[in-house]
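Below you'll find the structure, written out as structure tokens, and then a few comments.
The values are calculated or read from the model by the stated rules, or taken from the named source; none is laboratory data. A quick note: this is a predicted structure, and the numbers were derived from the prediction, not measured. For neighbour counting, all protein chains shown are included, and Cβ atoms are generated from backbone atoms with ideal geometry for every residue, glycine included. The accessibility values were calculated without ligands, DNA or RNA, using every heavy atom of the protein model including side chains. Shrake-Rupley method; radii C 1.70, N 1.55, O 1.52, S 1.80 Å.
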Amino acid sequence: MAHNYIVTASKPSAVTSCLTGSFTQANQLDLILIKGNILEIFRVAPEGLKPLKEVSINGKIEAGKLFRRKGNTCDSLFLITQKLDVMIIEAKIVDGNVDLVTKAHGNAADRIGKPSEGGVIVLIDPEARCIGLRLYDGLLKIIPLEKDLLDSEKILITAYNIRLDELQVIDINFLYGYTNPTIALIHQNMHGRHVKTHEISLSEKEVAKSPWKQDNVETEACMIIPVPEPISGAIIVGQESITYHSGITYVAVAPSILKQAPVCCFAPVDETRFLLGTLAGKLLMLLLDKEERMDGTFNVRDLKVEELGEISIPSALTYLDNGVVFVGSHLGDSQIVRLTTEPNDQGTFVTILESFTSLAPILDMVVVDSEKQGQSRLVTCSGAQKEGSLRIIRNGIGINEIAAIDMSGIRGLWSLKLGQVDQFQNCLVLSFVGSTQFLDISNEEAEDFDSIDLATDEETIYCSNTSSSAVLQVTTVGLRTFDQLTRKIISEWLPPSSDPITAVAGNMEQVVAAVGRYLFYFEVKPEGALLMGQKELEHDIACLDVTPIRDMKEKSDWVAVGLWTDISVRLLSLPNLVEACREPLGLDIIPRSVLMTTLEETPHLFVAMGDGTLLYYVFDPLLPGLGERKKVNIGTKPLILKCFQSKSSRNVFGCSNHPSIIYSSNRKLVFANVNFKDVLHICSLHAELYPHSLALCTEAGITIGTIDEIQKLHVRTVPMGESVRRIAYQDVTQSFAVLSYRVDTVDSSGAVISRPSASTRAQNFSTSHATKGTSIPSTATVTQEPGSEIETHSLLILDQHTFEVIHSHQLLNSEYGTSLTSAYLGEDPHPYYIVGTAFVLPEDTEPKSGRLLLFQYNDGKLTEVAEKELKGACYSVHGFNKKILAAINSIVRLYEWTPEKELRLECSHFNNILALNLKHKGDFVVVADLMRSITVLQHKIMEGSFDEIARDYNPNWMSAVEIIDDDTFLGAENTGNFFVCQKESSATTEEDRKQLQTIAKFHLGSFVNVIRHGSLAIHYGAQDTTVLPHKGILYGTIDGAIGIIVQLGSDIFGLLKDLQQRMVKTVKPLGKIDHGSWRNFYTERRTEPAEGFIDGDLIEQFLDLPKSKIIELTKELFIDEGQGRKRSLSTEDVIKLVEDLTRIH
């Protein structure tokens, strides 16, 4: 049996649609983004976008539109999914939070009908009388919006079809200004493309009449834009011209910029101005020049098209307000841009205000552990055309080093203002055994402060500025306050006994100090630190904290105390030091650090132990009281906790041998790794030279750096400026190889570089030359008309650290790079980069020739060692037992590398339609065929041949494949499904052994381009976790999502399957789409129940449920221990299990 757990590590990032309207609140502007099956809702505010809600739908969203029902002050949202489930959603504000309600739902699929090649088109009548759906050729589905339909919830949507005479509809939309709903459409027949309008009778459920039509418009007309009243009419957009048609007259314009790239999306600004986005990433403004007639109607005299500037290649546009536009992209980062009336420094009218990182589409990726620290990085080939890029993704948060100070033996670190009246800090306080050093960091060369009355011959254990502009220093000997301007002592306190101070905590107005089991409480006033109370506890004090719980409050009402001996934590009220709460920690290790703080408006108490264990509680400061205890391992050595501010949010830094940052996202704690090892101490630093920074102390010294955006996955972008298709990594040479292509234009002299990109900016260049005596020169010589565009493909070598392009090797004309790998061959000790290519010629239905190219990279120099002419395209290439395994059209071939440095064909396998992808393990090869699913081959070394071991006879159109183990194989097919096949080695008959059995099926809902073994999680080793994250399988999708699949034991799988079934019944999905129908294996020809997979995205929602629901779901939940024995699990056990699973990504 298959026991797979599949979960999304990085959500879809491609924006397919963006909508604006008053969705959540009247008279407020909201932005709604559609990304795969995710809805993201933002409030458009003067300071930017404010996130309001993120929700997932049980289906990939194909299209969405906002509309406003009569009498409503807010808009409703209509959505349709890939499986044609439809829903109408409205928002409610409940206790300040946005709640989404399904007002109506249903399914719009018909049993018969030819699905339109152009996909789903949604159109809504401007007066919200009906919704139209173009789903099938020759039919328009109408959903009437009667008032009573949406007056109560849980209404099933009813719809009917209207037959259209026009079969091939290119685009369709409702028009403004008509008494009855009226559509305008562009359709194509054997005579060309035409525009036609139809009035729809909702009562008769048919087309009533055609108000006007326009035959023989531009042959590439592809978009129809309705013009709002009072002008009305329609704009027809083609690849060479734009036409406005009023129904009686028309005006056309043919701007030259349209010929550069077609318009792909639009956004109305008002009734006369429309933004147009092109596939070249240009933003255009279309202006209707209108005049008013004597009768009060309007006439359009002229059309004007102006180029505003460059943006990401858009998939959707929407105008926000005040000249600000949201650009949604499927091929690059989405953006917020401002339109200006005057040109900027670049001579354009577009200024980019903000960019939103997108990994889409992921075409290839490689998993590397180049730093050998046990944490992998994922490098993806993302984007396309000018948006092409490499994305370096790792689990955790990056700290970018600005400066470093070499120094050892540091035991403590704080930042101060000394003699400063501005907001900048200028001093770092370093504590050593028996001494303290004060470093002046106002200059690049850090030096000791002169003439300072602060103690330098004692070990400092706490130091800070106070609210009264003083400096507080606590050493093991005593507590002193200084005037930071005059640098003179204000007050001093020494312990009553000669015992040293062992623990201290403070804030701007309060200090608590421990001497053995005695606790002393001080308040910091202008006249110094005044002792306000003291208390003797039962045991010695191990750690303290007085961090204010409320962000804006500078005084704390509580002190948290961690104790030796009984290993407990206590909360004492201030100023009277009365115990209000006691919590035994139940461990044998003493607490080393305690911290109270508020993360995303939820107060927490953290207790860090000496073995790297972190206990945390939700903390109610009014009672006070601690919620349920939770536990996580952060490293394996003593853990120290420090608060710091990043932008507007408060976060916690865990200093240990595996440092982590703890933050809250959607009211759930996230533990993110940091790209540093063995951090001993940290402090926030806001110096003039180092604003908004952190200072980190390690064994080697101090590092000052800025912190990346707080998010679980850190993404670094390497812009390439051209499409990147394949990537490989070579550890020995510390380099990456990338196959990319740029689009050049042709003039009378040949190809001309259109724009700078990675292949044109390399340090070194080389070019392929056709070998004499082969058929390649004749096939590669293709004439191009001046003004046309050609693809120029290159092999790029990049440094693994800087990602600078060291070498660019250009392939032949019409030669496309199709596959790439790094491998050792024969007896050669040096690795090779191996490139598979195809010659793509206009007259060929499929490539008839290609090449295998072998390169060696050494000391910054790329050398072409050998080439092999192929009779077809090399779609996949791998190193296989020091030989080359290649998929060439329908044939799998194995080449031997001879001592003469030549490739000799050893054997071939022919039983395929198109061998798209190969994977291998040992002597076994798995072939993913474009149309014929998976085939397993075995290489017979002695015979020098391939033997077909088994085959999957299901008609799966493959996109990617991976080997789970010797007998189990994972496949992804082109309608967004995963399936797992198993080899029946123990079957009794030869026929059964030759047939792969499908043992697991799951609908992902997104096209998977690449699957790789690997994990983004750090594996600490000795952890009580349920899964082994380093044995995961990663996948990347066309929507920019990254997911992980891990194998579970049968006991855990059975438990999670039971929990999943309970959650399906309990969690009510938005849109009323059943979870089973969403995850069932689905193609146009067949639908089968999902099996063998646990939906991790659903399971992780368990942690977001109310406590009462969690308790209800975990009642009588058992785990199978084998031999007929079952063990009941507590609610805490299930929570820990699910939390463990969240840490595999």
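Is it true that some residue in the range 1045-1062 is β-branched (V, I, T), touching a residue at least 60 places away in the same chain (Cβ under 8 Å) and under 16 Å from H1003 (Cα atoms)?
Here is the first cut: in the range 1045-1062, the ones β-branched (V, I, T) are 1045-1046, 1052.
Going one step further and asking which of them are touching a residue at least 60 places away in the same chain (Cβ under 8 Å), we end up with 1045-1046, 1052.
Still in the list and also under 16 Å from H1003 (Cα atoms): 1045.
Looking through the range 1045-1062, at least one residue is β-branched (V, I, T), touching a residue at least 60 places away in the same chain (Cβ under 8 Å) and under 16 Å from H1003 (Cα atoms).
Within the range 1046-1082, how many residues turn out to be β-branched (V, I, T) and under 26 Å from F78 (Cβ atoms)? So that I can check it myself, show each step before the final result.
Residues of the range 1046-1082 β-branched (V, I, T): 1046, 1052, 1064, 1066-1067, 1073.
Next, from what is left, pick out any that are under 26 Å from F78 (Cβ atoms): 1064, 1067, 1073.
Adding up the residues that qualify gives 3.
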For this session: Run A254 past the list (1) open to solvent by less than 30 Å² (accessible area, probe 1.4 Å); (2) under 23 Å from N299 (Cα atoms) and report the number of the one that doesn't hold.
Result: (1)
Seminar exercise, completed: Among strands (runs of 3 or more DSSP E) completely within the range 417-530, the ones holding 2 or more residues that are more than 30 Å from V578 (Cβ to Cβ) and open to solvent by 50 Å² or more (accessible area, probe 1.4 Å) are 488-493
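Kindly indicate which of K141, K70, K83 is part of a loop (DSSP other than H, G, I, E, B) and either open to solvent by less than 10 Å² (accessible area, probe 1.4 Å) or over 21 Å from G21 (Cβ atoms) (or both).
Values: K141 fails: part of a loop (DSSP other than H, G, I, E, B); K70 fails: either open to solvent by less than 10 Å² (accessible area, probe 1.4 Å) or over 21 Å from G21 (Cβ atoms) (or both).
Of K141, K70, K83, the one residue that is part of a loop (DSSP other than H, G, I, E, B) and either open to solvent by less than 10 Å² (accessible area, probe 1.4 Å) or over 21 Å from G21 (Cβ atoms) (or both) is K83.
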Seminar exercise, completed: Within the range 800-836, the residues that are open to solvent by 10 Å² or more (accessible area, probe 1.4 Å) and among the hydroxyl-bearing types (S, T, Y) are T802, S814, Y816, T818, T821, S822, Y824
For this session: Taking T613 as meeting all but one of (1) more than 25 Å from S693 (Cβ to Cβ); (2) open to solvent by less than 20 Å² (accessible area, probe 1.4 Å); (3) touching a Phe, Trp or Tyr at 6+ places or on another chain (Cβ under 9 Å), write down the number of the exception.
Result: (3)
For this session: From (1) under 30 Å from E445 (Cβ atoms); (2) of a type outside the set (A, V, I, L, M, F, W, C); (3) at pLDDT 90 or above, pick out the condition that doesn't hold for S766.
Result: (1)
For this session: With the condition kept exactly as written, say whether any residue in the range 278-291 is open to solvent by 10 Å² or more (accessible area, probe 1.4 Å), part of a loop (DSSP other than H, G, I, E, B), touching a residue at least 24 places away in the same chain (Cβ under 8 Å) and on the phi < 0 side of the Ramachandran plot.
Result: yes
Seminar exercise, completed: Checked against (1) under 29 Å from L1034 (Cβ atoms); (2) hydroxyl-bearing (S, T, Y); (3) open to solvent by less than 20 Å² (accessible area, probe 1.4 Å), T318 satisfies every condition except (1)
Exercise. Taking the range 837-861 only, how many residues are touching a Phe, Trp or Tyr at 6+ places or on another chain (Cβ under 7 Å), surrounded by fewer than 22 Cβ atoms within 10 Å (Cβ to Cβ) and of a type in the set (V, I, T)?
Worked result: 1
Seminar exercise, completed: Scanning the range 335-366 for residues that are free of Cβ contacts under 8 Å to residues at least 60 places away in the same chain, of a type in the set (S, T, Y) and either closer than 20 Å to A316 by Cα or open to solvent by less than 70 Å² (accessible area, probe 1.4 Å) (or both) gives T340, T348, T351, S355
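Return a yes/no flag: does the range 249-258 have any residue that is within 17 Å of T182 (Cα to Cα) and not hydroxyl-bearing (S, T, Y). It would help to see each step written out before you state the result.
Step one: list which residues in the range 249-258 are within 17 Å of T182 (Cα to Cα), which gives none.
No, the range 249-258 contains no residue that is within 17 Å of T182 (Cα to Cα) and not hydroxyl-bearing (S, T, Y).
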Exercise. When the range 92-114 is examined, which residues are found to be aliphatic (A, V, I, L, M), assigned to a strand (DSSP E or B) and surrounded by fewer than 22 Cβ atoms within 10 Å (Cβ to Cβ)?
Worked result: I93, V94, V98, L100, V101
For this session: Could you please give the count of residues in the range 581-595 that are part of a strand (DSSP E or B) and hydrophobic (A, V, I, L, M, F, W, C)?
Result: 3
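Could you say whether any residue in the range 53-62 is touching a Pro at 6+ places or on another chain (Cβ under 6 Å) and either touching a residue at least 12 places away in the same chain (Cβ under 8 Å) or open to solvent by 10 Å² or more (accessible area, probe 1.4 Å) (or both)?
Residues of the range 53-62 that are touching a Pro at 6+ places or on another chain (Cβ under 6 Å), as a first pass: 58.
Right, trim to either touching a residue at least 12 places away in the same chain (Cβ under 8 Å) or open to solvent by 10 Å² or more (accessible area, probe 1.4 Å) (or both) and you get 58.
Checking the range 53-62: at least one residue is touching a Pro at 6+ places or on another chain (Cβ under 6 Å) and either touching a residue at least 12 places away in the same chain (Cβ under 8 Å) or open to solvent by 10 Å² or more (accessible area, probe 1.4 Å) (or both).
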Problem set entry | the range 1-12 residues that are within 17 Å of L359 (Cα to Cα), paired with ones that are open to solvent by 10 Å² or more (accessible area, probe 1.4 Å) and in a strand (DSSP E or B) (beta carbon under 8 Å, 6 or more apart) | A9/L713; S10/L713; K11/K35; K11/I38; P12/K35; P12/I38
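Here's the yes/no breakdown for (1) charged (D, E, K, R); (2) surrounded by fewer than 19 Cβ atoms within 10 Å (Cβ to Cβ); (3) touching a Gly at 6+ places or on another chain (Cβ under 8 Å):
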{"position": "L1048", "(1), (2), (3)": "no, no, no"}
{"position": "L1055", "(1), (2), (3)": "no, no, no"}
{"position": "T1066", "(1), (2), (3)": "no, yes, no"}
{"position": "H1075", "(1), (2), (3)": "no, yes, no"}
{"position": "W1078", "(1), (2), (3)": "no, no, yes"}
{"position": "F1081", "(1), (2), (3)": "no, no, no"}
{"position": "T1087", "(1), (2), (3)": "no, yes, no"}
{"position": "I1099", "(1), (2), (3)": "no, no, no"}
{"position": "D1104", "(1), (2), (3)": "yes, yes, no"}
Exercise. Among (1) open to solvent by less than 60 Å² (accessible area, probe 1.4 Å); (2) out of contact with any helix residue (DSSP H, G or I) (no Cβ under 8 Å at 6 or more places or on another chain); (3) of a type outside the set (D, E, K, R), where does G1005 come up short?
Worked result: (2)
For this session: Identify all residues within the range 536-570 that are open to solvent by 20 Å² or more (accessible area, probe 1.4 Å) and assigned to a strand (DSSP E or B); write none if there are none.
Result: E536, A542, W558
Exercise. Which residues, counting only those in the range 337-363, are more than 25 Å from T8 (Cβ to Cβ) and of a type in the set (A, V, I, L, M, F, W, C)?
Worked result: V337, L339, F349, V350, I352, L353
Exercise. Of (1) within 28 Å of D270 (Cβ to Cβ); (2) surrounded by 15 or more Cβ atoms within 10 Å (Cβ to Cβ); (3) over 42 Å from the mean Cα position of the chain (by Cα); (4) in contact (Cβ under 8 Å) with a residue 60 or more places away in the chain, Q214 satisfies all except one. Which?
Worked result: (4)
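Restricted to the range 1-44, and to residues that are assigned to a strand (DSSP E or B) and among the hydroxyl-bearing types (S, T, Y), which residue is nearest to F1053 (Cα to Cα)?
Here is the first cut: in the range 1-44, the ones assigned to a strand (DSSP E or B) are 4-10, 17-21, 30-35, 38-44.
Keeping just the survivors that are among the hydroxyl-bearing types (S, T, Y) gives 5, 8, 10, 17, 20.
Details: Y5: 8, T8: 18, S10: 23, S17: 37, T20: 43 Å.
For the range 1-44, the residue satisfying everything is Y5.
Pick from the range 630-666 the residues that are assigned to a loop (DSSP other than H, G, I, E, B) and in contact with a strand residue (DSSP E or B) (Cβ under 6 Å, 6 or more places away or on another chain): which of them is most open to solvent (accessible area, probe 1.4 Å)? Let's see the steps before the verdict.
Pass one, the range 630-666, residues assigned to a loop (DSSP other than H, G, I, E, B): 634-639, 647-648, 656-659, 666.
This time we only want the ones that are in contact with a strand residue (DSSP E or B) (Cβ under 6 Å, 6 or more places away or on another chain), so: 634, 638-639, 659.
Working: I634: 4, P638: 57, L639: 0, P659: 3 Å².
Across the range 630-666, the extreme among qualifying residues is P638.
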For this session: Kindly indicate whether any position in the range 1119-1140 is assigned to a loop (DSSP other than H, G, I, E, B) and open to solvent by 70 Å² or more (accessible area, probe 1.4 Å).
Result: yes
